[in-house]
Amino acid sequence: MDNLKQLKVEAEYQGFRLDKYLATALPEFSRSALQKMIKDGQVTVNGQKCDVPRYEVVAEDAVTVDVPPPEKPHLQGENIPLDILFEDDSVMVINKPAGMVVHPAVGNWTGTVVNALIGRSEEFADLDDSGELRPGIVHRLDKDTSGCLIIAKTAAAQMALTAAFADRKVKKTYAAIVCGIPRFYTEKIVTLIGRHRTNRKKMAVVDRNGKEAITEFDLLEHGLIDGHPASVLAVRIATGRTHQIRVHLSSKQLPVLGDELYGGHQKIAAPRQMLHAWKIRFPHPVTGKEIRCKAPWPEDFAAVAAQLGPIPGTNDEPGDSASGEPDGPGPDGNWME
């Protein structure tokens, strides 16, 4: 049954409290929610009901969680303006502001991109056949990451764009301001990325039980901010793992400025996470023609980067916002998500 989560405790979790183990094994649930499931008798260990969160699991324990069906609210439209870079009858590309969540979820039922889309046209809600509350959404950006986000406007476009991402036909360039200065002007990072062993909110570079992640970056500018070294990078990813850019750059001692999860103890103040989905290219879901969009750097991002000096290709030049025309100057390597 879809609501049953069946787990077998691995040796590395021997002695973990049951609630802590479940929080690690089922990161989609909060620890408090899992504790409630345990106390409500929805968890069994080796076939026996276990309602004690502090029970210490043993390697090879068979743990089953009977997850209650989630209560999903009806999608509501809201009058939220969107910065549209490109739009036709099938597809839209917006410049998502930092601080805006892409789709409704626990803790963010309103004020999302999806709420704004339905506010523009209630027909967007009809794309939510799966009940995932993600009509039109074919990829995501973190809440604090700004920049290019593709939206499907029809079911056919949603299917075609989803396939384009799966086939790695979508090419994106991020701009990142990081603490430190890389050893090389360009570098390729190839590792496995998986869930962090103890912090369920984090991903990490792992030796096993992870998925291959490939990131490349070019150094655009470097210098000092408030007396501390910092750099601006153009980042390309050949895979799309959760938090991939942030994890990989942090692993190279180049944490994204303002990143509270992977940034460590930073000495440079930042208004938010300095990561921006700068450019995107993708085949149009109907015509197949390549669409190219470029999201201007937000004021907060540009102000921090300006402390390191002028960087070519960052202005929103004619033909850059959305078209079939080439992008303006600046790093634009061939790479795919």
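Comparing Lys36, Lys171, Lys267 in a Gaussian network model of the chain where C-alpha atoms under 10 Å apart are linked, the largest mean-square fluctuation is found at Lys36. Net charge of the neighbourhood of Leu261, taken over other residues with C-beta under 11 Å away and scored Lys/Arg +1, Asp/Glu -1, is -1. Computed from the alpha carbon positions, the gyration tensor of region 30-112 leads to an equivalent ellipsoid with semi-axes of 43, 14, 12 Å, biggest first. Cross-link reach is defined here as a Cα-Cα straight distance under 22 Å, omitting same-chain residues fewer than 8 places apart; for Lys20 the lysines meeting it are Lys5, Lys8, Lys36, Lys39, Lys49, Lys201, Lys202. Taking 0.36 nm per residue of separation and subtracting the current Cα-Cα distance, fully stretching the chain between Met159 and His74 would add 28.3 nm. Put simply, the amide H of Thr239, placed in the peptide plane, has neighbours under 5 Å in Ile214, leaving out anything fewer than 5 places away on its chain.
What the phi angles of region 288-304 give under the Karplus curve with 6.51, -1.76 and 1.60, with θ = phi - 60°, is a coupling list of x, 5, 6, 9, 10, 10, 9, 9, x, 5, x, 4, 5, 5, 5, 5, 5 Hz, glycine and proline written as x. Each of the peptides 143-151, 39-47 was scored by the mean count of other Cβ atoms within 10 Å over its residues; in descending order, highest first, they stand as 143-151, 39-47.
Sites listed here are trypsin sites (Lys or Arg not before Pro) in region 181-230 whose DSSP assignment is loop and whose Cβ has at most 11 other Cβ atoms within 10 Å: Arg183, Lys201, Arg208. Residues whose amide H lies under 5 Å from that of Phe86, counting only those 5 or more places away or on a different chain, are Val93; hydrogens are built 1.01 Å from N in the peptide plane.
Annotation: amide H of Gly223 within the under-5 Å range of Ala230, sequence separation 5 or more or interchain, hydrogens built in the peptide plane. Plainly put, region 171-323 has a radius of gyration that is 0.99 times its Kirkwood radius, both from alpha-carbon atoms, as the Rg/Rh ratio. Comparing Gly136, Gly309, Gly107 in a Gaussian network model of the chain, where Cα atoms under 10 Å apart are tied by springs, the biggest mean-square fluctuation is seen for Gly107.
Each residue of region 196-206 is assigned a 3J(HN,Hα), and the resulting list reads 4, 4, 10, 10, 5, 7, 10, 9, 7, 6, 10 Hz, derived from the Karplus form 6.51 cos²θ - 1.76 cosθ + 1.60 (θ = phi - 60°), x at Gly and Pro.
Spin-label model, Gln253/Glu122: points 7 Å from Cα along the beta carbon direction are separated by 5.9 nm. For region 84-166, what does the alpha-carbon gyration tensor say about shape, rounded, prolate or oblate, given a ≥ b ≥ c as the root eigenvalues, a/c under 1.5 as rounded, and a/b over b/c as prolate? Cα axes put region 84-166 in the rounded bin. In angstrom, the C-alpha Rg and Dmax of region 4-66 are 10.0, 27. Just to be sure I understand the curve: with the Debye formula and one point per C-alpha of the chain, what is log10 I(q)/I(0) at q = 0.15 Å⁻¹? Summing over Cα pairs of the chain leads to -1.29.
Of Met274, Met37, Met203, the residue with the greatest mean-square motion in the GNM of the chain, using alpha carbon springs below 10 Å, is Met37.
Taking every alpha-carbon pair under 8 Å whose residues sit at least 6 apart, the chain reaches a relative contact order of 14 percent.
Every number here is computed from the coordinates shown, using simple stated rules; none is lab data. Because the structure is a prediction, the values reported are computed rather than measured. For neighbour counting, all protein chains shown are included, and Cβ atoms are generated from backbone atoms with ideal geometry for every residue, glycine included.
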